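Colleague: Pasting a structure here, questions to come.
The values are calculated or read from the model by the stated rules, or taken from the named source; none is laboratory data. Keep in mind that what you see is a predicted model, and the values were worked out from it rather than measured. As a convention, Cβ positions derive from the backbone with ideal geometry for all residues, glycine included, and neighbour counts pool all protein chains shown.
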Amino acid sequence: MFNAKYVIPGIIVFAGLFTAPFWINMLSPKHEKVVVELPAHPVTFFGEERSQCIEPREWMAANHMELLIEWRDSALRENKRIYTATDGKKWETSLQNTCMACHSNKTEFCDKCHDANSVNPYCWDCHVIPQGNNNEF
Amino acid sequence: MNSSRRYFLKVASLSTFALAAGAAGTKAAGAEYEAYPEGLKAKRWAMVIDTRRFQNPESMRPIIEACHKAHNVPTIPGPKEVKWIWDDTFEHAFADDPSPLLPRGIEERRFFLMCNHCTNPSCVRVCPAGATYTTQGGLVAIDYHRCVGCRFCMAACPYGSRSFNFQDPRPFIKELNAAYPTRMRGVVEKCTFCAERLEKGLMPACVEASNGAILFGDLNDPDSVVRQALARNFSIRRKPSLGTDPGVYYII
Ligand code: SF4
Ligand code: SF4
């Protein structure tokens, strides 16, 4: 390669500077893992007290947005409002009446992670936040 | 040159595969969707309003309130009004009726107006976003997530059934029903024939609040309450000449 001894170090320096915000943050002592507040009490669904999330926790953390979109489409377009989870349990496909029945503390659950990841979903422009935990609507 | 090109193609195709596999992996294995078994089903939902039972406008208020409360419909005075069900005079409701000399009883009567859930809905034909569509039993629904607020549907609907949210509706909702969503600024809304209640085996909120003066059922089933009521009484519909085939019948 022409002028490799300048170009390659140049690329390395550029890549380092470009990604600086990420690794400076990761190495800094102030860096911490996001801790969300998990529901404390079981809630009754389909006549049964439940304290487990519909799918495993890691899967939910990574995929809840896609699941919600699937729920929306199956409820609104196909009139199917019951979701049978991987473990065979049935749930109503509703952000407001299923998810947020347990995760009623939006500030300490939804917002914590969304803020840390700098995403700004507009779910709650329409879906009502359970009252009593938040000072919002 | 050739070999590095081959290498590039190999890597590119492998990474495409990996991406596709990763995307497929986000589906929860074994998850399935079904409808509520108690849900009410029909080939063609229709509503029959016995207008003789609503001789004074006061008797109509509780029904409008039942709907608006259940669905978090805001009360906004003036031209930015949002409404799912309302009432008006014969002249306004049945604008193409030629007679200027109506009997007094009809002249003074008020008529419930709402979305007709037309068989040929002009609103659905014009929506560029696929946000409004016909679903189970001929219901015309809106997916607010999809609505881009162009208001084509409002221009297309010959009945003025649709309202636009010019502003955040929440400050105008007196009593919030925490089990139902609100809408947001910039989307269109209207009566849904209570799809969410039908799917759980319940009759629409207005029907329940009407003491039998509003009937609801399957127009394709000759034994249904709506067919029986239509067989025994003279009824009219709004602007039938337009060919939308409205699903709301008025017994006069
Ligand atoms: S009444 Fe208007 S909004 Fe309702 S289905 Fe007919 S055209 Fe669409
Ligand atoms: S306002 Fe919304 S529902 Fe109406 S035509 Fe436009 S995108 Fe469709």
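Colleague: Could you tell me whether B:Gly212 is surrounded by fewer than 17 Cβ atoms within 10 Å (Cβ to Cβ) and within 13 Å of another protein chain (Cβ to nearest Cβ)?
Modeller: No.
Colleague: Hey, does the stretch B:57-71 have a residue that's within 16 Å of ligand 1 (Cβ to nearest atom) and outside any loop (DSSP other than H, G, I, E, B)?
Modeller: Within the stretch B:57-71 (the criterion being within 16 Å of ligand 1 (Cβ to nearest atom) and outside any loop (DSSP other than H, G, I, E, B)), the answer is yes, since at least one residue qualifies.
Colleague: Quick test of your reading of the structure: A:Tyr122 fulfils all but one of (1) more than 10 Å from every other protein chain (Cβ to nearest Cβ); (2) loosely packed, with under 11 Cβ neighbours inside 10 Å; (3) under 30 Å from B:Arg197 (Cα atoms). Name the failing condition by number.
Modeller: Status for A:Tyr122: all satisfied but (1).
Colleague: If you don't mind, another one. Name the helices (runs of 4 or more DSSP H) wholly inside the stretch B:81-144 in which the number of residues that are away from ligand 1 (no atom under 16 Å from the Cβ) and away from every other protein chain (no Cβ under 14 Å) is 1 or more.
Modeller: B:90-93, B:104-108
Colleague: Filter the stretch B:164-183 down to residues that are away from ligand 2 (no atom under 12 Å from the Cβ), part of a loop (DSSP other than H, G, I, E, B), touching a residue at least 24 places away in the same chain (Cβ under 8 Å) and within 14 Å of another protein chain (Cβ to nearest Cβ), then give me how many there are.
Modeller: Number of matching residues: 10.
Colleague: A follow-up question, please. Checking the structure you have, find out if any residue of the stretch B:124-133 is within 15 Å of ligand 2 (Cβ to nearest atom), at pLDDT 95 or above, more than 25 Å from B:Trp45 (Cβ to Cβ) and in contact with a helix residue (DSSP H, G or I) (Cβ under 8 Å, 6 or more places away or on another chain).
Modeller: Within the stretch B:124-133 (the criterion being within 15 Å of ligand 2 (Cβ to nearest atom), at pLDDT 95 or above, more than 25 Å from B:Trp45 (Cβ to Cβ) and in contact with a helix residue (DSSP H, G or I) (Cβ under 8 Å, 6 or more places away or on another chain)), the answer is yes, since at least one residue qualifies.
Colleague: Quick one: B:Cys147 ticks every box in (1) part of a loop (DSSP other than H, G, I, E, B); (2) buried (at least 21 other Cβ atoms within 10 Å of the Cβ); (3) near ligand 1 (Cβ under 9 Å from one of its atoms) bar one, so which box is it?
Modeller: Going through (1) part of a loop (DSSP other than H, G, I, E, B); (2) buried (at least 21 other Cβ atoms within 10 Å of the Cβ); (3) near ligand 1 (Cβ under 9 Å from one of its atoms) one by one, B:Cys147 breaks only (3).
Colleague: B:Ser161 is checked against (1) of a type outside the set (A, V, I, L, M, F, W, C); (2) assigned to a helix (DSSP H, G or I); (3) more than 10 Å from chain A (Cβ to nearest Cβ) and fails just one. What number does that condition carry?
Modeller: Tallying (1) of a type outside the set (A, V, I, L, M, F, W, C); (2) assigned to a helix (DSSP H, G or I); (3) more than 10 Å from chain A (Cβ to nearest Cβ), B:Ser161 fails exactly one: (2).
Colleague: Now, a different point. Go through A:Cys110, A:Cys102 for me and flag whichever is touching a strand residue (DSSP E or B) at 6+ places or on another chain (Cβ under 8 Å), at negative phi and not hydroxyl-bearing (Ser, Thr, Tyr).
Modeller: Going through A:Cys110, A:Cys102 in turn, the sole match is A:Cys102.
Colleague: Need the failing condition index for B:Ala156 against (1) within 16 Å of ligand 2 (Cβ to nearest atom); (2) more than 14 Å from chain A (Cβ to nearest Cβ); (3) within 24 Å of A:Glu78 (Cβ to Cβ); (4) surrounded by fewer than 19 Cβ atoms within 10 Å (Cβ to Cβ), just the number.
Modeller: (3) is the only condition that B:Ala156 fails.
Colleague: Sticking with this one: When both residues are 6+ apart or on different chains and their Cβ atoms are under 9 Å apart, which pairs have a first residue that lies in the stretch B:93-122 and is of a type in the set (Val, Ile, Thr), and a second that is surrounded by 11 or more Cβ atoms within 10 Å (Cβ to Cβ) and assigned to a helix (DSSP H, G or I)?
Modeller: Taking only residues 6 or more apart or on different chains, the pairs are B:Ile106/B:Thr51; B:Ile106/B:Phe90; B:Thr119/B:Gly138.
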